[in-house]
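Q: Okay, handing you the structure first.
The values are calculated or read from the model by the stated rules, or taken from the named source; none is laboratory data. Every value quoted in this text rests on a predicted model; they were computed, and no experiment measured them. Please note: Cβ atoms are built from the backbone with ideal geometry, for glycine as well, and neighbour counts cover all protein chains shown.
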Amino acid sequence: MEEYDFLIVGAGFSGAVIAERLHSSGKKVLLIDQRNHLGGNCFDFLDSNGIWIHKYGPHYFRTNFPEVKNYLSMFTKWIPQKYIVKAHVNNKLYPLPINRNTLNLFFNINLKNEKEVLSFLEEKKEKIKNPSNAEEQILSTLGKEIYEAFFKNYTIKQWQTNPKNLDASITARVPIRTNTHDSYVDDLFQAMPKNGYTEIFKKITAGIKILLDTPLKKIEKEIKYKKLIYTGPIDEFFSHKFGELPYRSLKFKFERHEKEFYQECVQINYPNEEKFTRIVEIKHATKQKAPSTTITKEYPSKEGPPLYPVLNKVNRELYSKYQKEAEKLKNVYFIGRLAEYKYLNMDQVIKNSLELFEKIKNA
């Protein structure tokens, strides 16, 4: 029976980064994943027309962490980005996140500077000192009209529940700008890997033994290992003994169109009119030159891969029960979106993995 220093469950960024760091430090590592590919939800591939497809939705890489940029840059070259996202409301396209141009266009006004924007929003927003849910968070910053036009129906569609039932942190993730900056994110470094995410994972895991189509229960009794790093759903690890942690997923519809571009920017959100939440045309970000294009329509779903933890008080309390069970275990480490039941960006996941490696490399 073969013995490993570390068994790592999950070949997304959490598992792959830790596997690479441990392998590079001389540890014997086995990396497994129940899917048939590397990369977790970041998996991408070229379709039959040579257009990049992000199978599980768009992954817009950005970071303010130099150590994350430097680490990934060992495995890829980059295509610099300015991710542009808009919202389709009342048959018009508005900049997202909400900025001065959005407000001027939506309210048919002419705010000229930050001071005027702040004064305008002060009149619009509702006086809620400590927002306790997603609805109150938007009402307390942007007011009722913006909330109902841009956020309310989108949130209901995405989460299949009233925004009052969701943590304020869910809508607080979306920045609000008093200037005309129109990039979707503010991070200092914004880029797309030149040859896709899957290529990064292949390079990161080079030389590491990998078993795909391999759930933990299938392999754990067939091998010996000293330590376990688990990046899957924490409730699944404990056989759902306290109940299932809820997630939202998506169904993806890919469409080919015989034109250079289908829409004017990489992503357009549809808060109100359609069953899908957004259309993504990743070709805007990959900078590919081709006469045709592929778009992705995203339909919220309860079924499918777990993508978004449903964060509210009840579910946080349920997670805390699993967290306490995890703390009782020796030589088992839980990390990543699913294991920590957190909405983490890619760069946060990578940073956390690099930090965990530093803690355990001499253990």
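Q: Take segment 238-273 and flag every residue that is touching a residue at least 40 places away in the same chain (Cβ under 8 Å) and more than 30 Å from residue 339 (Cβ to Cβ).
A: Selection gives 255, 256, 264, 265, 268, 270, 271, 272, 273.
Q: Separate question: Going by the structure shown, is residue 344 surrounded by fewer than 17 Cβ atoms within 10 Å (Cβ to Cβ), outside any strand (DSSP E or B) and without any contact (Cβ under 8 Å) to a residue 60 or more places away in the chain? Steps first, please.
A: Numbers: surrounded by fewer than 17 Cβ atoms within 10 Å (Cβ to Cβ): no; outside any strand (DSSP E or B): yes; without any contact (Cβ under 8 Å) to a residue 60 or more places away in the chain: yes.
Judged against the criteria, residue 344 is not a match.
Q: Still on this structure, please answer the following. Just for segment 145-168: of the residues that are of a type in the set (Val, Ile, Thr) and surrounded by 22 or more Cβ atoms within 10 Å (Cβ to Cβ), which one is farthest from residue 120 (Cα to Cα)? Can you show your working first?
A: Residues of segment 145-168 of a type in the set (Val, Ile, Thr): 146, 155-156, 161.
Next cut, surrounded by 22 or more Cβ atoms within 10 Å (Cβ to Cβ) only: 146, 155.
Numbers: 146: 13, 155: 25 Å.
Among residues in segment 145-168 that are of a type in the set (Val, Ile, Thr) and surrounded by 22 or more Cβ atoms within 10 Å (Cβ to Cβ), the one farthest from residue 120 (Cα to Cα) is 155.
Q: Only one of these is of a type in the set (Asp, Glu) and more than 17 Å from residue 102 (Cβ to Cβ): 182, 167, 186. Name it.
A: Values: 182 fails: more than 17 Å from residue 102 (Cβ to Cβ); 186 fails: more than 17 Å from residue 102 (Cβ to Cβ).
Just one listed residue meets the conditions, 167.
Per-residue answers, yes or no, for (1) surrounded by fewer than 21 Cβ atoms within 10 Å (Cβ to Cβ); (2) more than 30 Å from residue 117 (Cα to Cα):
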residue: 178; (1), (2): yes, no
residue: 195; (1), (2): yes, yes
residue: 228; (1), (2): yes, yes
residue: 235; (1), (2): no, yes
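Q: Among residues belonging to segment 10-45 that are surrounded by fewer than 19 Cβ atoms within 10 Å (Cβ to Cβ) and of a type in the set (Ser, Thr, Tyr), point out the one that is nearest to residue 226 (Cα to Cα).
A: 25
Q: Looking at 109, 128, 98, which one is at pLDDT below 95 and outside any helix (DSSP H, G or I)? If you could, list the steps in order and put the result at the bottom.
A: Working: 109 fails: at pLDDT below 95; 98 fails: at pLDDT below 95.
Only one candidate qualifies: 128.
Residue-wise test of (1) free of Cβ contacts under 8 Å to residues at least 60 places away in the same chain; (2) in contact with a Pro (Cβ under 7 Å, 6 or more places away or on another chain).
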{"residue": "310", "(1), (2)": "no, yes"}
{"residue": "322", "(1), (2)": "no, no"}
{"residue": "332", "(1), (2)": "no, no"}
{"residue": "335", "(1), (2)": "no, no"}
{"residue": "354", "(1), (2)": "no, no"}
{"residue": "358", "(1), (2)": "yes, no"}
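Q: Which of the residues that make up segment 282-296 are within 17 Å of the chain's Cα centre (by Cα) and more than 14 Å from residue 56 (Cβ to Cβ)?
A: The answer is 285, and nothing else.
Q: Among the strands (runs of 3 or more DSSP E) lying completely within segment 219-315, list those that include at least 1 residues that are polar (S, T, N, Q) and in contact with a strand residue (DSSP E or B) (Cβ under 7 Å, 6 or more places away or on another chain).
A: On the way: elements: 224-230, 247-257, 267-269, 278-280, 293-301.
The qualifying strands (runs of 3 or more DSSP E) are 247-257, 267-269, 293-301.
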